[in-house]
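> Below: one structure in structure tokens.
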Amino acid sequence: MGYMDNTGSRAGRCVTLAELGPGETGVVNRIDGEAALKRRLNALGMVKGIEISLEHTAPMGDPRAYTLMGYQLSLRNEDARKIVLQDVPRDDK
């Protein structure tokens, strides 16, 4: 299931968007990198607190398509590594 720690817990571990596995969801915590990238991603709705999930990966692994706010956004892995996520707790019922 992606990025579990050695206790099997996913709570609280920050990962980058590039580390999400297929169908996994995270919440945007911050965007690292240059101001132009931050402005572009903010204009597309990539702001702190937004849920985002990995939908598709290109055959060679780059770019990848993510879903947020009801639309799909394709990002290069280089940019996805600059987006830090806070893990979303899951109900295991």
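> Can you tell me which residue among Gly26, Gly33, Gly45 is over 11 Å from Ile83 (Cβ atoms), open to solvent by less than 70 Å² (accessible area, probe 1.4 Å), of a type in the set (Gly, Ala, Ser) and not in a helix (DSSP H, G or I)? Quick ask: steps written out before the conclusion?
Values: Gly26 fails: over 11 Å from Ile83 (Cβ atoms); Gly33 fails: over 11 Å from Ile83 (Cβ atoms).
Being over 11 Å from Ile83 (Cβ atoms), open to solvent by less than 70 Å² (accessible area, probe 1.4 Å), of a type in the set (Gly, Ala, Ser) and not in a helix (DSSP H, G or I) holds for just one of Gly26, Gly33, Gly45, which is Gly45.
> Filter the stretch 48-71 down to residues that are out of contact with any Leu (no Cβ under 8 Å at 6 or more places or on another chain) and among the aliphatic types (A, V, I, L, M) and give me whichever is nearest to Leu85 (Cα to Cα).
Only one residue fits best here, namely Leu68.
> Restricting the search to the stretch 55-71, which residues are out of contact with any helix residue (DSSP H, G or I) (no Cβ under 8 Å at 6 or more places or on another chain), surrounded by 11 or more Cβ atoms within 10 Å (Cβ to Cβ) and not in a loop (DSSP other than H, G, I, E, B)? Steps first, please.
As a first pass, look at the stretch 55-71 and keep what is out of contact with any helix residue (DSSP H, G or I) (no Cβ under 8 Å at 6 or more places or on another chain): 55-60, 65, 67-71.
Still in the running and surrounded by 11 or more Cβ atoms within 10 Å (Cβ to Cβ): 55-58, 65, 67-69.
Answer for the stretch 55-71, where residues must be out of contact with any helix residue (DSSP H, G or I) (no Cβ under 8 Å at 6 or more places or on another chain), surrounded by 11 or more Cβ atoms within 10 Å (Cβ to Cβ) and not in a loop (DSSP other than H, G, I, E, B): Glu55, His56, Thr57, Ala65, Thr67, Leu68.
> Six or more apart or on different chains, Cβ atoms under 8 Å: show the pairs whose first residue is in the stretch 28-49 and free of Cβ contacts under 8 Å to residues at least 40 places away in the same chain and whose second is of a type in the set (A, V, I, L, M) and open to solvent by 80 Å² or more (accessible area, probe 1.4 Å).
Pairs that qualify, where the first residue is free of Cβ contacts under 8 Å to residues at least 40 places away in the same chain and the partner is of a type in the set (A, V, I, L, M) and open to solvent by 80 Å² or more (accessible area, probe 1.4 Å), are Gly45/Met69.
> A follow-up question, please. Is there a residue being surrounded by 13 or more Cβ atoms within 10 Å (Cβ to Cβ), in contact with a Leu (Cβ under 7 Å, 6 or more places away or on another chain) and more than 13 Å from Ala18 (Cβ to Cβ) anywhere in the stretch 75-85?
No, that holds for no residue.
The values are calculated or read from the model by the stated rules, or taken from the named source; none is laboratory data. Every value quoted in this text rests on a predicted model; they were computed, and no experiment measured them. For neighbour counting, all protein chains shown are included, and Cβ atoms are generated from backbone atoms with ideal geometry for every residue, glycine included. Please note that ligands, DNA and RNA were not included when accessible areas were found on the heavy atoms of the full protein model with its side chains. Shrake-Rupley method; radii C 1.70, N 1.55, O 1.52, S 1.80 Å.
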